1. Considering every residue within region 197-210, establish whether at least one is assigned to a helix (DSSP H, G or I), out of contact with any strand residue (DSSP E or B) (no Cβ under 9 Å at 6 or more places or on another chain) and surrounded by fewer than 24 Cβ atoms within 10 Å (Cβ to Cβ).
2. For the structure I just gave you, tell me whether residue 253 is over 24 Å from residue 74 (Cβ atoms), modelled with pLDDT under 85 and part of a helix (DSSP H, G or I).
3. Does residue 152 qualify as being assigned to a loop (DSSP other than H, G, I, E, B) and either under 30 Å from residue 282 (Cβ atoms) or at pLDDT 85 or above (or both)?
4. Quick one: would you say residue 291 is modelled with pLDDT of 95 or more, touching a helix residue (DSSP H, G or I) at 6+ places or on another chain (Cβ under 7 Å) and either over 30 Å from residue 70 (Cβ atoms) or buried (at least 18 other Cβ atoms within 10 Å of the Cβ) (or both)?
5. Of everything in region 227-243, what is modelled with pLDDT of 65 or more and in a helix (DSSP H, G or I)? Give them in sequence order.
6. Output the number of the condition that residue 128 fails; it satisfies all remaining conditions of (1) under 16 Å from residue 217 (Cα atoms); (2) over 20 Å from the mean Cα position of the chain (by Cα).
């Protein structure tokens with residue numbers, strides 16, 4: 001227990017130290033997120049938070065844990081994902097090359113022992129996966145990376161969701177005696193909490209793609225790691241429930257873009273957080289609503305562990321219906337305007 005407390009507060013403290021340094025560095029090298037039509041912020045904001053998150057997390061892990069081969073694989077893969085994110089934050093990377101890099105980063109841990117070789121299915125029993133297990137692992141990590149990435153649309157949203165998810169996944173890992181996975185999730189929760197002090201509205205820094213992809217990568221890889229001990233269908237469902245809110249948002253985005261004949265990788269302003277803003281909520285109110293939805297999904301996951309399947313299912317269905325009601329409701333929105341022009345105009349005045 002003492003080690004758990006140590007790694008959590010050390011990770012949070014390191015994030016509190018490194019994030020201001022990332023703010024100064026981003027301003028010095030002009031790594032800024034400028035307002036534009038699809039953005040919701042109105043002032044240029046540093047976007048190198050991912051570097052602070054990455055450094056805080058791995059320093060906390062190195063100082064408090066005994067490293068093994070699989071940890072090395074996660075370090076190498078996460079380092080690549082952060083580098084790709086930094087380049088994307090500074091210069092921009094097209095969607096397909098970025099996806100290719102995500103796949104490569106997800107393949108790296110496989111050479112260090114991270115894969116699901118068998119799974120227990122209802123009625124069928126234990127099924128050997130073989131090569132399919134490796135392919136599944138890559139799809140799983142890439143999917144979680146993009147699920148978290150798509151949630152990074154409001155101040156403090158992605159960091160808060162990952163904080164909630166990491167705490168619940170820590171509880172799950174600790175329950176099945178996955179010590180290393182438990183440490184990882186607590187380190188991630190601590191980093192997310194420390195970063196939130198600077199990222200909650202009004203944000204002084206954004207995590208950027210480097211931060212959101214890193215958080216998704218660690219959650220995806222470590223949740224997969226937990227499956228190595230309990231390779232059951234429920235082991236697959238649990239982390240999906242924990243990330244239920246951004247996952248439903250991602251599925252809705254894919255359906256919405258296909259329905260409109262647009263590319264599914266083309267960004268738009270139809271996400272759940274955009275719809276809440278359209279409804280008249282402030283950024284803080286919208287984020288708190290989404291936190292609550294995420295907590296409810298997490299609670300459903302925990303209830304299912306204790307055998308309260310019907311209550312958990314009811315909670316999940318209620319959450320999904322609530323999300324869909326937000327997504328498909330028509331709002332009286334203000335006339336859109338170009339935020340970058342708005343900023344420039346005010347600056348001139």
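1. Scanning region 197-210, I find at least one residue that is assigned to a helix (DSSP H, G or I), out of contact with any strand residue (DSSP E or B) (no Cβ under 9 Å at 6 or more places or on another chain) and surrounded by fewer than 24 Cβ atoms within 10 Å (Cβ to Cβ), so the answer is yes.
2. So residue 253 passes the test.
3. Here the answer is yes, as residue 152 does meet what is asked.
4. Taking the combined requirement at face value, the residue satisfies it.
5. Within region 227-243, 235, 236, 237, 238, 239, 240, 241, 242 qualify.
6. Status for residue 128: all satisfied but (1).
Conditions tested, residue by residue: (1) under 19 Å from residue 149 (Cα atoms); (2) out of contact with any strand residue (DSSP E or B) (no Cβ under 7 Å at 6 or more places or on another chain).
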{"position": "7", "(1), (2)": "no, yes"}
{"position": "12", "(1), (2)": "no, yes"}
{"position": "18", "(1), (2)": "no, yes"}
{"position": "26", "(1), (2)": "no, no"}
{"position": "32", "(1), (2)": "yes, no"}
{"position": "47", "(1), (2)": "yes, no"}
{"position": "61", "(1), (2)": "no, yes"}
{"position": "74", "(1), (2)": "yes, yes"}
{"position": "79", "(1), (2)": "yes, yes"}
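Matching residues to (1) farther than 13 Å from residue 217 by Cβ; (2) out of contact with any helix residue (DSSP H, G or I) (no Cβ under 9 Å at 6 or more places or on another chain):
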{"position": "79", "(1), (2)": "no, no"}
{"position": "83", "(1), (2)": "no, no"}
{"position": "93", "(1), (2)": "yes, no"}
{"position": "105", "(1), (2)": "no, no"}
{"position": "108", "(1), (2)": "no, no"}
{"position": "135", "(1), (2)": "yes, yes"}
{"position": "138", "(1), (2)": "no, no"}
{"position": "155", "(1), (2)": "yes, no"}
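The values are calculated or read from the model by the stated rules, or taken from the named source; none is laboratory data. Bear in mind that the values here come from a model prediction, so they are computed numbers and not experimental data. Every residue, glycine as well, gets a Cβ built from its backbone with ideal geometry; the counts of neighbours run over all protein chains shown.
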